[in-house]
1. Could you tell me the ratio Rg/Rh of the chain? Both radii from Cα atoms, Rh via Kirkwood.
2. Normalized C-alpha radius of gyration of segment 200-319, against 2.2 N^0.38 Å?
3. Please report the carbon-and-sulfur percent of the accessible area for the chain; probe 1.4 Å, protein heavy atoms only, DNA, RNA and ligands left out.
4. Could you give the length gained by full extension between residue 274 and residue 56, i.e. 0.36 nm per residue of separation minus their alpha carbon distance, to one decimal place?
5. Taking a probe of 1.4 Å, how large is the accessible area per residue of segment 174-317, in Å²?
6. Calculate I(q)/I(0) for segment 74-203 by the Debye formula, one identical point scatterer on each C-alpha and no solvent, and give its log10 at q = 0.16, 0.20, 0.22 Å⁻¹ to two decimals.
7. So what's the gap between the Cα centers of segment 269-292 and segment 83-112, to the nearest angstrom?
8. Under a 5 Å amide H to amide H cut-off, with H placed in plane at 1.01 Å, what residues pair with residue 89 once short-range neighbours are removed?
Amino acid sequence: MSFLRFAVRRLAEMAATLLGASFVIFGALYLAPGNPASFLLGGRSASPEALQAINEHYHLDDPFAVRYLSWLGQVVRGDFGRSITYRTDVSRLLADRLPNTLMLISMALVLVLVFGLVLGWIGAVRGGAADSTILVTTTVAIGTPSFVAAVLLQGLFAVKLGWFPTGGAGEGFGGMLWHLTLPAVALALYLIGMLARVTRAAMLEVLGQEHVTVARSRGVSASQVIRRHVFRNALGTVLTTGGLIVSTLLVCTILVESAFSVGGIGQLLELSTTTKDFPTVQAISLIMVALFMTVNLVVDLLHPLVDPRVTLGPAKKAS
């Protein structure tokens, strides 16, 4: 199967999966207990006429299929509807908060890739005390949930030492870097430990293979063996964790944004869920699914390029 045909097929699969995900997201919120009209009334009693007007305005009385197809048509046109809580367009809410979340996830992703790969490399190549120290450190990192790391970092570096602000996203690029440093570290800590462990295990597996021994016997320098024959072959295994890393970042950003009052879509999702703001919850959930699927698509497309042993298309059955 050619690379172009493989890419087109994966795009078609992604579109079909995204359509299915949209149905599940809309259906789950449709079946969720509670009525948005009750939140709009704020616990006050209302006349049947007022209640009817609210239901007609937000189409709350329409059948499920009508509401789903209407919502799906709006989403395709880039219209996520109006927020029940904030009384404004959901697209406007997302446009205001999405940059904070993307900046936070980008900073955390850089930390994960740099420290995860470097620690895994050092642990596999040097061994001994360095490897033992990295194993202990990554074990602690993996065992520390993001919300616990957020509280500890905030208490030590923001409240006690005063090196960083306790919350907010900051203004401008420099201000955002300063404000989002602690949230990014809290978000990345667990994934740094996980990626370091995966990188170390993948490189140790390749180090024991025959082609590495042959390269060494031919006088290839140790640095070239590690860089060209070990790390490059281990990169395929490391790349498969890309989807898991991004999905974890998206989920954990809800907790970290709330802890640091970042004002991103993770914090907006938490607030919208508690107030039954269905249009906002549906939009954020669909965007998170789309981001997760996009990363998986990129990983699938890069995998054959990084590791030539990976074949395009479905695996052949053993005879």
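The values are calculated or read from the model by the stated rules, or taken from the named source; none is laboratory data. Everything numeric in this text was worked out from a predicted model, so none of it was measured. Using ideal geometry, Cβ is built from the backbone for each residue, glycine included, and neighbour counts are taken over all protein chains shown. For accessibility, only protein heavy atoms count, side chains too; no ligands or nucleic acids. Shrake-Rupley method; radii C 1.70, N 1.55, O 1.52, S 1.80 Å.
1. Working: Rg = 24.1 Å, Rh = 22.7 Å.
Across the chain, the Cα-based Rg/Rh ratio is 1.06.
2. Details: Rg = 21.1 Å, N = 120, 2.2 N^0.38 = 13.6 Å.
Normalised Rg, Cα atoms only: 1.55.
3. Working: 11180 of 17020 Å².
After summing per-atom areas, the C and S share lands at 66 percent.
4. Numbers: separation 218, 0.36 × 218 = 78.48 nm, distance 2.29 nm.
Net length gain for the segment: 76.2 nm.
5. On the way: 6500 Å² over 144 residues.
The answer is 45 Å² per residue.
6. Here log10 of I(q) over I(0) equals -0.88, -1.07, -1.16.
7. Value for the Cα centre distance between the two parts: 11 Å.
8. Amide H neighbours of residue 89: 83.
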